[in-house]
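Chemist: One structure follows; several queries about it will come next.
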Amino acid sequence: MNIEKRATAGVTATGRKLHGYIAKFDSPTRIGSFTEIIRRGAFARSLSAGGDILALADHDPAKVLGRTRSGTLELREDDTGLAFTLSVPDTATGRDLIALAERGDLGGASFGFVVPDGGDSWNGNNRELRAVNLHEVSIVQSWPAYGDTEVSLRSRPVMDEWLDRARLWLETV
């Protein structure tokens with residue numbers, strides 16, 4: 001199974017709660033040699049299935065930051081995209097990520113997914129994602145693929161900072 005990964009930009013820190021958008025709908029993004037757009041409802045099936053979706057550091061399953069099963073990761077679709085809230089744990093990894101976010105050194109957030117049969121369509125070099133099986137979301141220390149999404153870390157006020165970097169990660173599992 002090939003798990004695709006996409007990252008988002010803009011992590012800032014003012015506390016221990018991370019929130020924002022993992023992906024925004026209807027926003028064309030250049031991914032290598034093609035353009036990809038995520039349509040409204042693309043994550044609906046994954047979210048309604050009630051599976052345990054993990055929040056990881058750098059897609060590393062040994063660095064769990066939260067999960068939907070325990071309620072430390074909340075995911076929801078709204079009119080804008082896939083929104084999330086993550087309670088960052090008081091672990092070495094959690095403290096490191098907060099320190100990097102406070103300095104503006106984090107690349108953003110990312111998500112790992114598999115496209116089920118019929119979940120995407122291609123028109124030349126344009127790919128439309130209509131349904132994905134979401135496996136995990138990650139806080140990443142490097143470059144994001146989706147530059148127009150937002151992530152911020154907060155305790156009280158929300159502060160957004162945008163980064164203009166883009167990369168694609170594909171991993172074969």
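The values are calculated or read from the model by the stated rules, or taken from the named source; none is laboratory data. The shown structure was predicted, so the numbers you read here are calculated from the model rather than taken from an experiment. Cβ sites come from the backbone with ideal geometry, for glycine too, and all protein chains shown count toward neighbours.
Chemist: Quickly run through the stretch 77-92 and pick out the residues that are in contact with a Lys or Arg (Cβ under 8 Å, 6 or more places away or on another chain) and closer than 17 Å to residue 136 by Cα.
Modeler: 77, 81, 82, 83, 84, 85, 86, 87, 88, listed by residue number.
Chemist: Which residues, counting only those in the stretch 59-82, are among the hydrophobic types (A, V, I, L, M, F, W, C) and surrounded by 18 or more Cβ atoms within 10 Å (Cβ to Cβ)?
Modeler: Correct list: 64, 65, 73, 75, 82.
Chemist: Let me ask something additional. Does residue 40 qualify as being in contact (Cβ under 8 Å) with a residue 24 or more places away in the chain, surrounded by fewer than 16 Cβ atoms within 10 Å (Cβ to Cβ) and within 17 Å of residue 109 (Cα to Cα)?
Modeler: No.
Chemist: Further question on the same structure: Please specify each residue of the stretch 27-64 satisfying the condition of being of a type in the set (Asp, Glu) and either assigned to a strand (DSSP E or B) or over 20 Å from residue 139 (Cβ atoms) (or both).
Modeler: Result: 36, 60.
Chemist: May I pose another question? Please state which one of 138, 46 is within 24 Å of residue 32 (Cα to Cα), among the small types (Gly, Ala, Ser), touching a residue at least 40 places away in the same chain (Cβ under 8 Å) and in contact with a Leu (Cβ under 6 Å, 6 or more places away or on another chain).
Modeler: On inspection, the qualifying residue turns out to be 138.
Chemist: Would you check if residue 121 is assigned to a helix (DSSP H, G or I), more than 16 Å from residue 138 (Cβ to Cβ), at pLDDT 90 or above and of a type in the set (S, T, N, Q)?
Modeler: no
Chemist: Taking the stretch 83-101 as the search range and keeping residues that are aliphatic (A, V, I, L, M) and surrounded by fewer than 16 Cβ atoms within 10 Å (Cβ to Cβ), which one is farthest from the chain's Cα centre (by Cα)?
Modeler: Applying the filter and picking the extreme gives 92.
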